[in-house]
1. Per-residue counts of other Cβ atoms within 10 Å, averaged by peptide: what ranking do you get for 68-75, 98-105, highest first?
2. For the pair residue 62 and residue 15, how long in nm is the line joining their label points, each one 7 Å along Cα→Cβ?
3. Pop out the ³J(HN,Hα) list for segment 64-81 in order, Karplus 6.51 cos²θ - 1.76 cosθ + 1.60 with θ = phi - 60°, rounded to Hz; leave Gly and Pro as x.
4. Pull up all non-local amide H partners of residue 93: gap of 5 or more, or a different chain, and H-to-H distance under 5 Å with H placed in the peptide plane.
5. Out of the total accessible area of segment 57-111 (probe 1.4 Å, heavy atoms of protein only), what percent is carbon and sulfur?
6. Along segment 106-111, what does the Karplus equation 6.51 cos²θ - 1.76 cosθ + 1.60 (θ = phi - 60°) give for ³J(HN,Hα), rounded to whole Hz, x for Gly and Pro?
7. Suppose R0 equals 25 Å. What FRET efficiency, 1/(1 + (r/R0)^6) with r the Cβ-Cβ distance, do residue 110 and residue 77 give to the nearest 0.05?
8. Could you provide, to the nearest whole Å², the per residue accessible area of segment 57-111 with probe 1.4 Å?
Amino acid sequence: MQQSAPTAEQIAYAEMPAGSAVVYTGGTIQPAARTSPTCPAVVRTSATASAGLRTEENNYLSTPPAVAATLPRVAQELLGYALHDSIPRGGGYLGMVRMQDPVDLIARGEL
């Protein structure tokens, strides 16, 4: 799926002094090379926490589906029992169970 170029209103610049950090979501489009206008020859590095990384604590095992089923939907979502829909940003679905949203399965008593 090809995305169109962002509009001027969708572009933001994170200009900050050396040693600073910026946090952005995984759906953010960032350039391949991050440079400084005052020193364009120096390429800055970035780290992106993506779906390939795991959380420190495995919430699925520490809060099993039977317990999660007793919690409000927003708590289930925060624990990771929800589908992440990145389709609008050119990505895909993350966290499906049997090709379905886990919170829907919990609500129907199927998980």
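1. On the way: 68-75: 13.0, 98-105: 15.1.
Output ranking for 68-75, 98-105: 98-105, 68-75.
2. 4.1 nm
3. Values, residue by residue: x, x, 5, 6, 4, 5, 8, 9, x, 3, 4, 5, 4, 5, 5, 6, x, 7 Hz.
4. So residue 93 has HN proximity to 86.
5. Numbers: 2140 of 3540 Å².
Carbon with sulfur: 60 percent of the solvent-accessible area.
6. My calculation for segment 106-111 gives 4, 4, 8, x, 9, 10 Hz in order.
7. Values: r = 17 Å, r/R0 = 0.69.
It comes to 0.90.
8. On the way: 3540 Å² over 55 residues.
Accessible area per residue, segment 57-111: 64 Å².
The values are calculated or read from the model by the stated rules, or taken from the named source; none is laboratory data. The shown structure was predicted, so the numbers you read here are calculated from the model rather than taken from an experiment. Please note: Cβ atoms are built from the backbone with ideal geometry, for glycine as well, and neighbour counts cover all protein chains shown. Side chains are part of the model used for accessible areas, which takes the heavy atoms of the whole protein and leaves out ligands, DNA and RNA. Shrake-Rupley method; radii C 1.70, N 1.55, O 1.52, S 1.80 Å.
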